[in-house]
Amino acid sequence: MCGVTTVAKASPGGLDIPKVNITVDGKSSPKEFVDNIKILILLTVLTLLPSFIIMMTSFTRIAVVFSFLKGALGAQQSIPNQILIGLALFLTLFIMAPVYNEINDKALKPYMEGTITQEVAVKEGSKPIREFMLKQTRQKDLKLFLEAANIEEATKEDVPLYVVVPAFAISELKTAFQIGFLLYIPFLVIDLVVASVLMSMGMFMLPPVMVSLPFKLLLFVMVDGWYLLVKSMILSFAR
């Protein structure tokens, strides 16, 4: 809490000019002020945590692929977005668990125990997430941002995160679009066959989507689509 102290003092003109003194919880030493600033910075970082989860983990690829799956099936209203987002989040936690464990062992635990400083903890904690992103990032995308940042030579350990994150993001989007293309092909064939049959029967007023949807669902269930899709997503991050 902030305390404000005013002291009345007579001015030469006879007016009282208040003297303002502001203190924060009675903290006066520089160290205590620095601790308060660190807490403020930590709270600010926590507000950006959703962006970190989306842009620095496997969440982007999984969420985009699930969106393509809804479009390919034509079941936009049948599958709630909350379910797909929840599934994508827990798959992200599963895939990123080894990275988190490494960060916890090398950075968080030593820092909480006081064996390393904050700067060392940040440096050690960024290494596993950087290695994970670089494994999934195409060299062409990484080179683009290295050239834009005027960084001529950099090893994997020296590449700054502000270069790795956007390169990783566009690589993930490209991979998700490739998977989405492969998802669309079998369902597109079903749409074409159903539309051709309906036109040959003269049923122009019947929407082909209403007829093809049950066949798409039947195909997806017969091949155990959720198992194959989730397995492929997990294995795609294991390289």
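The values are calculated or read from the model by the stated rules, or taken from the named source; none is laboratory data. Note that this is a predicted model, so its numbers are computed, not measured. Positions of Cβ are generated from backbone atoms using ideal geometry, with glycine treated the same way; all protein chains shown enter the neighbour counts.
Look through the range 91-149, keep the residues that are loosely packed, with under 14 Cβ neighbours inside 10 Å and hydroxyl-bearing (Ser, Thr, Tyr), and return whichever of them is farthest from residue 66 (Cα to Cα).
Per the criteria, the residue is 115.
If residue 38 passes every condition in (1) of a type outside the set (Val, Ile, Thr); (2) at pLDDT below 75; (3) closer than 30 Å to residue 224 by Cα but one, which one does it miss?
Among (1) of a type outside the set (Val, Ile, Thr); (2) at pLDDT below 75; (3) closer than 30 Å to residue 224 by Cα, residue 38 violates only (3).
Counting only residues that are part of a loop (DSSP other than H, G, I, E, B) and modelled with pLDDT of 85 or more, how many does the range 123-158 have?
Final tally of qualifying residues: 4.
Where residues in the range 150-188 are among the polar types (S, T, N, Q) and loosely packed, with under 12 Cβ neighbours inside 10 Å, which of them is nearest to residue 55 (Cα to Cα)?
Per the stated criteria, the residue is 178.
Taking only pairs six or more apart or across chains, which ones have beta-carbon atoms under 8 Å, a first residue in the range 218-231 that is without any contact (Cβ under 8 Å) to a residue 12 or more places away in the chain, and a second residue that is among the polar types (S, T, N, Q) and surrounded by 12 or more Cβ atoms within 10 Å (Cβ to Cβ)?
Hits for this filter: zero, empty list.
Hey, any hits in the range 201-219 for a residue that's farther than 22 Å from residue 67 by Cα and among the polar types (S, T, N, Q)?
There is no residue in the range 201-219 that is farther than 22 Å from residue 67 by Cα and among the polar types (S, T, N, Q).
Does the range 202-234 hold any residues that are among the polar types (S, T, N, Q) and either over 34 Å from the mean Cα position of the chain (by Cα) or modelled with pLDDT under 90 (or both), and which are they?
Across the range 202-234, the qualifying residue is only 212.
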